[in-house]
Amino acid sequence: MHVDGLVVVSEPSMRSFQTASEVGRMASGLGLENQVLVINRYLGGEPPKLDHLPENRFTMPQLPGLVERQISD
């Protein structure tokens with residue numbers, strides 16, 4: 001079985017973006033160039049300019065109902 005793509009999921013924080021960048025670097029080092037960054041709980045703005053952070057990006061908005069459930073559960 002071969003892997004030809006990687007989805008890197010990040011929260012909108014510097015530490016999470018740095019981790020995503022490091023994952024992208026390691027994946028590239030293994031020859032895995034088909035990478036996508038998914039930013040979870042996205043509130044807008046641009047992610048930082050970090051080497052190896054995947055260029056292809058998707059965003060998932062913050063879901064108010066989920067936030068309420070996380071606080072109450």
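The values are calculated or read from the model by the stated rules, or taken from the named source; none is laboratory data. What you see is a predicted model; the values in this text were computed from it and never measured. Glycine gets a Cβ as well: all are built from the backbone with ideal geometry, and neighbour counts include every protein chain shown. Only protein heavy atoms, including side chains, enter the accessible area calculation; ligands, DNA and RNA are left aside. Shrake-Rupley method; radii C 1.70, N 1.55, O 1.52, S 1.80 Å.
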| request: Taking Arg41 as meeting all but one of (1) surrounded by fewer than 11 Cβ atoms within 10 Å (Cβ to Cβ); (2) on the phi > 0 side of the Ramachandran plot, write down the number of the exception. | output: (1)
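Tell me the residue from Met1, Met26, Met60 that is modelled with pLDDT of 95 or more and open to solvent by 50 Å² or more (accessible area, probe 1.4 Å), please.
Details: Met1 fails: modelled with pLDDT of 95 or more; Met60 fails: modelled with pLDDT of 95 or more.
From the options Met1, Met26, Met60, the qualifying one is Met26.
Of the residues Ser10, Ser72, Ser16, which single one is in contact (Cβ under 8 Å) with a residue 24 or more places away in the chain, small (Gly, Ala, Ser) and out of contact with any Lys or Arg (no Cβ under 9 Å at 6 or more places or on another chain)?
Details: Ser72 fails: in contact (Cβ under 8 Å) with a residue 24 or more places away in the chain; Ser16 fails: in contact (Cβ under 8 Å) with a residue 24 or more places away in the chain.
Exactly one residue qualifies, and that residue is Ser10.
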| message | When the residues of the stretch 63-73 are narrowed to those that are open to solvent by 100 Å² or more (accessible area, probe 1.4 Å) and outside any loop (DSSP other than H, G, I, E, B), which ends up modelled with the lowest pLDDT? | response | Glu68
| field | Matching residues in the stretch 4-23 - criterion: being open to solvent by less than 80 Å² (accessible area, probe 1.4 Å) and either in contact with a Pro (Cβ under 7 Å, 6 or more places away or on another chain) or part of a strand (DSSP E or B) (or both) | value | Leu6, Val8, Ser10, Phe17
